[in-house]
Amino acid sequence: MVASRESSGYLTGQFLIAMPGMGDPRFARTVIYMCAHSDEGAMGLVVNKELDSLSFDDLLEQLGIEETGPHEPLPLHFGGPVETGRGFVLHSADYNQEGTLVVGGDIALTATVDVLKAIAEGNGPRKRLLALGYAGWAPGQLESEIQANGWLSVTADSELLFDIDIESKWNRAIAKLGIDASMLSSEGGRA
């Protein structure tokens, strides 16, 4: 019998929520969508921190991509501190090209320039979130951080993932667990 992601302890397709006592300021009050998690390590994208230094239009210009179709403004997110010059698009699974990885039933990830061209042409995925960089963990590292009370996890949903109200994503992700964020302590304890 093959183990499911939930029974195996892997968090692919889940939200990872930083606890209030997160020691790394780059991850303070972050919500991370977990794109991959296995015994070989983990990779995810921060989905609630926008970049102020670069716009989608600036990125298209830098890549030499011409806007030929209508598209809504697309903020760029700080995906994490690893490979900050590399772009990733989390999106609805209605867009599926070569190089697209379907992560969860209705959520996919594409890291090729083709998805940016499709968005600029007005033919991209219906829902999308563009991030530069990613969060990565070596084998066993994320599990250790979870045991040290650094992270909570909850089932991801596309409504919260793609919502443009990023200021409240952390509180809303914690609320999915039935927890009032104001009741969380930055101190871990032992029973």
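The values are calculated or read from the model by the stated rules, or taken from the named source; none is laboratory data. Owing to the predicted nature of the structure, the values given are computational and were not obtained by experimental measurement. For neighbour counting, all protein chains shown are included, and Cβ atoms are generated from backbone atoms with ideal geometry for every residue, glycine included.
Is it the case that the range 27-39 has a residue that's at negative phi and touching a Lys or Arg at 6+ places or on another chain (Cβ under 6 Å)?
Yes, some residue in the range 27-39 is at negative phi and touching a Lys or Arg at 6+ places or on another chain (Cβ under 6 Å).
Given the criteria among the small types (G, A, S) and either at pLDDT below 90 or touching a helix residue (DSSP H, G or I) at 6+ places or on another chain (Cβ under 6 Å) (or both), does G105 qualify?
Considered against the rule, which asks whether it is among the small types (G, A, S) and either at pLDDT below 90 or touching a helix residue (DSSP H, G or I) at 6+ places or on another chain (Cβ under 6 Å) (or both), G105 comes out as yes.
Within the bounds of the range 115-124, is there any residue that is among the small types (G, A, S) and in contact (Cβ under 8 Å) with a residue 60 or more places away in the chain?
There is at least one residue in the range 115-124 that is among the small types (G, A, S) and in contact (Cβ under 8 Å) with a residue 60 or more places away in the chain.
What number goes with the only condition from (1) more than 22 Å from I179 (Cα to Cα); (2) at pLDDT 90 or above; (3) small (G, A, S) that A18 does not pass?
Single failed check for A18: (1).
So L184 ticks every box in (1) over 17 Å from R26 (Cα atoms); (2) of a type outside the set (G, A, S); (3) at pLDDT 90 or above but one. Which box is left unticked?
Exception for L184: condition (3).
Working carefully through the options E61, E98, E66, E83, find the one that is within 27 Å of Y10 (Cα to Cα), outside any strand (DSSP E or B) and out of contact with any His (no Cβ under 9 Å at 6 or more places or on another chain).
None of the others qualify; the one that does is E98.
State the number of residues belonging to the range 47-58 that are over 14 Å from L129 (Cβ atoms) and part of a loop (DSSP other than H, G, I, E, B).
Going through the range 47-58 one residue at a time, the tally reaches 4.
Of all residues in the range 118-136, which are buried (at least 17 other Cβ atoms within 10 Å of the Cβ) and either of a type in the set (K, R) or farther than 18 Å from K49 by Cα (or both)?
Once the filter is applied, which keeps residues that are buried (at least 17 other Cβ atoms within 10 Å of the Cβ) and either of a type in the set (K, R) or farther than 18 Å from K49 by Cα (or both), the range 118-136 yields A118, I119, A120, G124, P125, K127, R128.
Taking into account only those residues within the range 71-98 that are touching a Pro at 6+ places or on another chain (Cβ under 6 Å) and crowded, with 19+ Cβ neighbours inside 10 Å, which is farthest from L129 (Cα to Cα)?
For the range 71-98, the residue satisfying everything is Y95.
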